[in-house]
1. Only one of these is outside the structural domain of B:THR159 (by TED's automatic domain parsing), acidic (Asp, Glu) and over 14 Å from the mean Cα position of the chain (by Cα): B:GLU202, B:GLU195, B:GLU247. Name it.
2. As an exercise: evaluate A:GLY136 against (1) away from chain B (no Cβ under 14 Å); (2) assigned to a helix (DSSP H, G or I) and give the number of the one condition it does not meet.
3. Under 7 Å between Cβ atoms, at least 6 apart or on separate chains: pull out the pairs that start in segment A:213-239 with a residue that is of a type in the set (Ser, Thr, Tyr) and end on any residue that is surrounded by fewer than 24 Cβ atoms within 10 Å (Cβ to Cβ) and at pLDDT 95 or above.
4. Considering B:THR121, B:THR91, which residue is in contact with a Pro (Cβ under 6 Å, 6 or more places away or on another chain), among the polar types (S, T, N, Q) and in contact (Cβ under 8 Å) with a residue 24 or more places away in the chain?
5. Please work out which residue is nearest to B:ILE219 (Cα to Cα), limiting yourself to segment B:16-50 and to residues that are at the interface with chain A (Cβ under 7 Å from one of its Cβ atoms) and in a loop (DSSP other than H, G, I, E, B).
6. Is one or more of the residues making up segment A:186-207 buried (at least 23 other Cβ atoms within 10 Å of the Cβ), in contact with a Gly (Cβ under 6 Å, 6 or more places away or on another chain) and within 21 Å of A:PRO150 (Cα to Cα)?
7. Answer yes or no as to whether A:LEU153 is among the aliphatic types (A, V, I, L, M), part of a helix (DSSP H, G or I), more than 14 Å from chain B (Cβ to nearest Cβ) and over 20 Å from the mean Cα position of the chain (by Cα).
There are 2 protein chains.
Amino acid sequence: MNQTDEKVIGVVGGAGPFAGLDLLGKILQETLAETDQEHLTVISLSQPNQLPDRTAFLLGQTAENPAYAIFNQLQQLERAGAAIAAIPCNTAHAPPIFDVVMAQLQAAGSQIKFLHMIAETAQHIRQQYPRLRRIGVLSTTGTYRAQIYPDLLEPKGLTTLVPDKQLQTEVIHPAIYHPHYGIKALGRHAQRAREGLLQGVENLRQQGAEAVILGCTEIPLAIPETRLDELIVIDPAVILARALIREANPLKLKP
Amino acid sequence: MNQTDEKVIGVVGGAGPFAGLDLLGKILQETLAETDQEHLTVISLSQPNQLPDRTAFLLGQTAENPAYAIFNQLQQLERAGAAIAAIPCNTAHAPPIFDVVMAQLQAAGSQIKFLHMIAETAQHIRQQYPRLRRIGVLSTTGTYRAQIYPDLLEPKGLTTLVPDKQLQTEVIHPAIYHPHYGIKALGRHAQRAREGLLQGVENLRQQGAEAVILGCTEIPLAIPETRLDELIVIDPAVILARALIREANPLKLKP
């Protein structure tokens with residue numbers, strides 16, 4: 001493939017901004033390149049004040065569906081030249097949001113290829129770990145309640161496990177969202193959030209999980225490990241980064 | 001200032017891509033925000049295969065002035081809504097490049113405010129460290145030969161020190177550019193590059209430097225410290241991130 005045939009990658013980066021940054025870093029890390037010029041073209045639009053909170057919508061705390069903002073930002077990326085795009089936010093993949101984005105894109109005649117992070121993750125697990133049966137998921141309460149992972153993984157013969165409800169609402173969700181110690185506020189330096197998330201991992205392990213999906217793109221900032229003892233850690237943002245490179249130019253995907 | 005009065009930040013991110021990513025991270029780290037929605041709007045265009053190498057041009061190894069690509073990318077950012085912009089690449093600030101970009105912007109009637117990273121750094125040093133006299137600079141050979149830092153710092157009464165020529169060409173420049181162990185190839189994981197750069201720091205210390213400027217935006221990836229023993233480490237990318245926030249919305253600049 002000639003460099004000029006490479007497709008331009010667009011990233012809806014504001015959901016949240018640290019997760020957007022993390023995806024951009026993962027795209028660079030997964031690209032085969034020795035010089036600046038060998039890297040892919042990536043346009044990132046981080047416009048968080050125009051992107052309503054995804055969990056707040058799914059929980060009915062606001063009527064404003066973030067789908068319209070995501071669609072708008074995808075259109076801006078397409079006008080700027082992006083041919084493929086993604087949003088590194090698990091909760092945005094809940095059908096009440098994602099399906100509306102897809103319908104809007106279709107109605108507008110958009111040509112952009114909008115990847116589905118969680119479908120990519122489900123496919124990756126099936127190919128990479130065909131023997132896995134019991135998978136734990138750590139996520140926001142929006143993703144938890146919307147059942148995004150169970151709905152995509154269980155038809156593939158996988159059992160999904162989640163933390164019990166109290167742990168979810170009192171520890172896991174605040175680890176992501178708390179204005180003082182949450183990852184959305186502190187990025188990589190959220191130590192107390194890490195401790196809460198590791199409690200979640202322990203809870204999933206006790207339920208028999210063989211692997212754990214970091215099902216919110218903020219979580220890998222606090223848990224960068226790819227293994228936690230014998231537990232496999234699956235980061236959908238890495239899988240998404242690799243899917244974007246595969247679509248832009250498969251020859252540049254690191255083996 | 002109302003959120004709607006905030007200006008949109010544009011980043012020419014492909015020079016190199018890891019440095020672009022690093023600037024985006026520094027903008028987030030230096031912004032006062034507890035939620036996603038409080039962060040500023042940032043558009044990053046990383047189009048490295050359209051951005052010729054800056055040092056290669058300054059050394060006469062190519063006739064292609066990267067100024068035209070930078071101008072073109074600034075125009076794309078302006079069309080996408082950016083009101084202020086910057087390029088996190090010290091070498092791009094050499095007058096044979098930067099002055100041509102400015103002339104092109106003026107000729108095109110551009111309204112974008114294109115910040116000058118090295119002028120911002122010079123001003124920062126004067127305000128923050130008024131007693132400093134002897135400042136070492138680590139950089140690419142392009143920045144080294146173009147005398148960008150001496151030309152801006154010496155009129156302010158500062159003496160600039162650089163590594164001796166052999167160390168510059170055999171150790172410092174390869175630490176940035178080497179296709180196998182350089183920072184442009186490996187990002188944050190360039191351990192051998194770090195060792196070479198620390199040799200440069202030691203050389204500057206022996207010459208009497210009281211501070212050292214990481215005068216290539218790849219260098220802070222390998223030297224994240226803000227102090228090295230008694231030596232002050234100055235990172236122009238942090239200063240640029242803060243200048244962009246100041247221009248976008250000064251109320252969101254961390255104290």
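The values are calculated or read from the model by the stated rules, or taken from the named source; none is laboratory data. Note that the structure is a prediction, hence the values are computed from the model and not measured. Cβ sites come from the backbone with ideal geometry, for glycine too, and all protein chains shown count toward neighbours.
1. From the options B:GLU202, B:GLU195, B:GLU247, the qualifying one is B:GLU247.
2. (2)
3. Pairs found: A:THR226/A:VAL233.
4. None of the other options fit; the residue is B:THR121.
5. Filtering segment B:16-50 for residues that are at the interface with chain A (Cβ under 7 Å from one of its Cβ atoms) and in a loop (DSSP other than H, G, I, E, B), the one nearest to B:ILE219 (Cα to Cα) comes out as B:GLY16.
6. Yes, some residue in segment A:186-207 is buried (at least 23 other Cβ atoms within 10 Å of the Cβ), in contact with a Gly (Cβ under 6 Å, 6 or more places away or on another chain) and within 21 Å of A:PRO150 (Cα to Cα).
7. Criteria not met by A:LEU153.
Condition check ((1) part of a helix (DSSP H, G or I); (2) hydroxyl-bearing (Ser, Thr, Tyr); (3) more than 14 Å from chain B (Cβ to nearest Cβ)) across all residues:
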| residue | (1), (2), (3) |
| --- | --- |
| A:ILE176 | yes, no, no |
| A:PRO179 | no, no, no |
| A:LYS184 | yes, no, no |
| A:ARG192 | yes, no, yes |
| A:GLY196 | yes, no, yes |
| A:ASN203 | yes, no, yes |
